[in-house]
Amino acid sequence: MKGKNIFTESEIEQLKVLIRQRVQADSSSQNNIRNKMRRIGFYGQNDYGIKNCQVSDLERLIKFGKIKVIGIKNINTTKKEIFESSKTPTKIRPNTNMVGGRKNSDEHYVISLCDEVLGLTASRQHRFDFLQGDTGTKLRVDAYYKELNLVIEYHELQHTKETPFFDKRITASGISRGEQRRLYDQRRAAVLPQHGIKLVIINYTDFGHTKKLNRNYNKDLKIVKDILKRNNINAL
């Protein structure tokens, strides 16, 4: 095997984005995208005999056990297995872009669409030294694209409407969770531009839904494209 057959959940998401990009790219761009896939460890034709790999092909490999997908909590215990699956093993580190069950969230879904539109992979749950909460903890942003000096935040229901069960909880800084969320949203909006970083907020209402998204891929991808275009954000 030239590549590997064990991937993290985040790597699989990245591969799906790259596969969709490659399918739509012209021939001059396809080699570059294919090289990105190989850097992740996926050699579709060499290892699995698949030409012009589609997302459905990748999912089929996973379904029939040709490819194993692991979560962060399993990475340390499966290092040896990952090393043995590759002729040129590399050091495996937990991918900090994934936090808990975030991979199934609407936020993760929307940022994956942004990755696809921009042709880049965001640093998810990124922290800046200059962006801090009241107790000195570095605040996270949903997605940071260093190449574009761009932060994208996805605002779910709780960012615009009260959720009493969660919002009434008191935080370490002595204010309610709902008040803290509003304060930190305002802080991101104020501080990021001071450091030359553009902030784009995508709201759940942009997709015409309440609470959870229906996840119509083609429709949602167009919505994300339109939002980024309105904000003068273009891929490199």
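Read-outs throughout are calculated quantities, based only on the coordinates presented, and are distinct from any laboratory measurement. Bear in mind the structure is a predicted one, so any value in this text is a computation, not a measurement. Here the Cβ positions follow ideal geometry from the backbone for every residue, glycine too, while neighbour counts run over all protein chains shown.
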Say the cut-off is 25 Å between C-alpha atoms; which of Lys68/Lys211; Lys198/Lys229; Lys138/Lys229; Lys68/Lys222 go over it? Lys68/Lys211; Lys138/Lys229; Lys68/Lys222
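If packing is taken as the average count of other Cβ atoms within 10 Å, what order do 113-123, 28-38 fall into, highest mean first? Working shown, then result.
Details: 113-123: 21.0, 28-38: 14.5.
Per-residue mean Cβ counts within 10 Å order the peptides as 113-123, 28-38.
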How much length is gained on full extension from Ser27 to Asp226, taking 0.36 nm per residue of separation minus their Cα-Cα distance? 69.1 nm
At 7 Å along Cα-to-Cβ for each site, give me the label-to-label distance between Lys51 and Asn234 in nm. 3.6
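If you take the beta carbon distance between Lys2 and Tyr217 as r and set R0 to 22 Å, what does 1/(1 + (r/R0)^6) give as a FRET efficiency, to the nearest 0.05? Spell out each step's value before the answer.
On the way: r = 30 Å, r/R0 = 1.39.
Efficiency computed from Cβ-Cβ geometry: 0.10.
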